[in-house]
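The values are calculated or read from the model by the stated rules, or taken from the named source; none is laboratory data. Since we're looking at a predicted model, the values are computed, not measured. When we count neighbours, we look across all protein chains shown, and the Cβ atoms used for this are built from the backbone with ideal geometry, even at glycine.
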Amino acid sequence: MKRTALHNSHISLGAKMVDFAGYLMPVQYEGVKSEHLSVKHNVGVFDVSHMGEFIIYGDGSLELLQFCLSNDVSKLNDGEAQYNCLLNDNGGIVDDLILYKLSENKYMLVVNASNIEKDWGHLLSKNSFEAKMQNMSDEYSLLSIQGPKTSEVIQQLTKYDLSTISYYNFVSTEFANKKDVIISNTGYTGCGGFEIYCKNDQLKDIWENIMTAGKNINIKPIGLAARDTLRLEMGFCLYGNELSDNITPIEAGLGWITKFSKEFNGCRLLKSQKENGVDRKLVGFELIDKGIPRKDYEIYDSDNYKIGIVTSGTMSPSLGKAIGLGYVSVNSAKTGTVIYINIRNNMIKAVISKTPFK
């Protein structure tokens, strides 16, 4: 099983380690609720070095990405990032990812850890454009520093004015006395913050510098469990839950990153869905009765007809109520619609709600 460069640091901090996509990763340290609230109200640091990084460059790189991805890559300027979907021939989502434009004809794709091999093989199979490709996943590490006090902590470690880095923009600069570190105004928590890309041998020093810089404001290491509850409160999708090879961006509510100003893999089906509608739709819901929804629990309407399935659910640490995401028949997807979640053969009342949850 693979380990990140911070494995020993996690162990020394008392982290509970679990197998995640072939890596031993910290799922929690002090507890999910306290870690969640630390990010929500203060600042926390996630080691997400298990994520994959691909470099696509040279002639044909833009053409390959335009064909394989849902969003319009041509709109990116150097130093800008873009949320995107990698699509199969049927318009299904191979993966969701962040695309970075490093320079002219040079891009970095940051993909989900569980999909690294699948994504790489898919891109290779579509590369009739002769773009050059490098899988750098085993060489790069990634820290996600999230929360409202993030800038207060990490500005101490760089001369670059972080306030000038707009959302979904990034720079490569010196950070914590390490050169060529990427600082990106991105994250998947909804709490604001930055992500730091560096080489593996730089990671431990950078981590220690960040933790020292944030000591006076009680910075915390945060595990993957709190990362999941934070993204769920925002209504953000997770691959393997809300997204899969059999779900399209239109069904998942990702039409906003699906651009029909270009031809791309699976675009005809997606254009038809956009114009004619879909049979199922991803929705958020809140439980009215007591219970906690979990992945794969069935969803029913008021007439006891099965209308869908839960994809993610939890007891919200911030809101103190049970929330979830799931796919339901489109005629049952309206906000305010009463639904029922089958939890251990008990029909638990819930209501369709908007996201982010409040």
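See the values below:
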| quantity | calculated |
| --- | --- |
| The range 276-318: number of residues that are outside any loop (DSSP other than H, G, I, E, B) and closer than 24 Å to K40 by Cα | 10 |
| One residue from S49, S70, S61 being in contact (Cβ under 8 Å) with a residue 24 or more places away in the chain and over 30 Å from N90 (Cα atoms) | S49 |
| Residues that are assigned to a helix (DSSP H, G or I) and in the same structural domain as I183 (by TED's automatic domain parsing), drawn from the range 112-154 | T150, S151, E152, V153, I154 |
| Tally, over the range 91-140, of residues that are charged (D, E, K, R), crowded, with 20+ Cβ neighbours inside 10 Å and in contact (Cβ under 8 Å) with a residue 40 or more places away in the chain | 3 |
| When residues of the range 174-187 are limited to those that are under 15 Å from E80 (Cα atoms) and polar (S, T, N, Q), the one nearest to the chain's Cα centre (by Cα) | T186 |
| Subset of the range 284-341 that is among the aromatic types (F, W, Y) and touching a residue at least 40 places away in the same chain (Cβ under 8 Å) - its residue that is surrounded by the most Cβ atoms within 10 Å (Cβ to Cβ) | F285 |
| Conditions (1) more than 20 Å from the chain's Cα centre (by Cα); (2) surrounded by fewer than 24 Cβ atoms within 10 Å (Cβ to Cβ): number failed by I56 | (2) |
| Count of the range 179-205 residues which are aliphatic (A, V, I, L, M) and either over 23 Å from R3 (Cα atoms) or in contact with a helix residue (DSSP H, G or I) (Cβ under 8 Å, 6 or more places away or on another chain) (or both) | 3 |
| In the range 240-269, the residues that are under 16 Å from S74 (Cα atoms) and either free of Cβ contacts under 8 Å to residues at least 40 places away in the same chain or of a type in the set (F, W, Y) (or both) | W256, F260, F264 |
| Residue in the range 259-271 that is of a type outside the set (S, T, Y), under 21 Å from the mean Cα position of the chain (by Cα) and modelled with pLDDT of 95 or more present | yes |
| Residues being within 23 Å of F67 (Cα to Cα) and touching a helix residue (DSSP H, G or I) at 6+ places or on another chain (Cβ under 7 Å) - total across the range 133-163 | 3 |
| Lone qualifier among Q156, Q146 - being out of contact with any strand residue (DSSP E or B) (no Cβ under 9 Å at 6 or more places or on another chain) and farther than 26 Å from D245 by Cβ | Q156 |
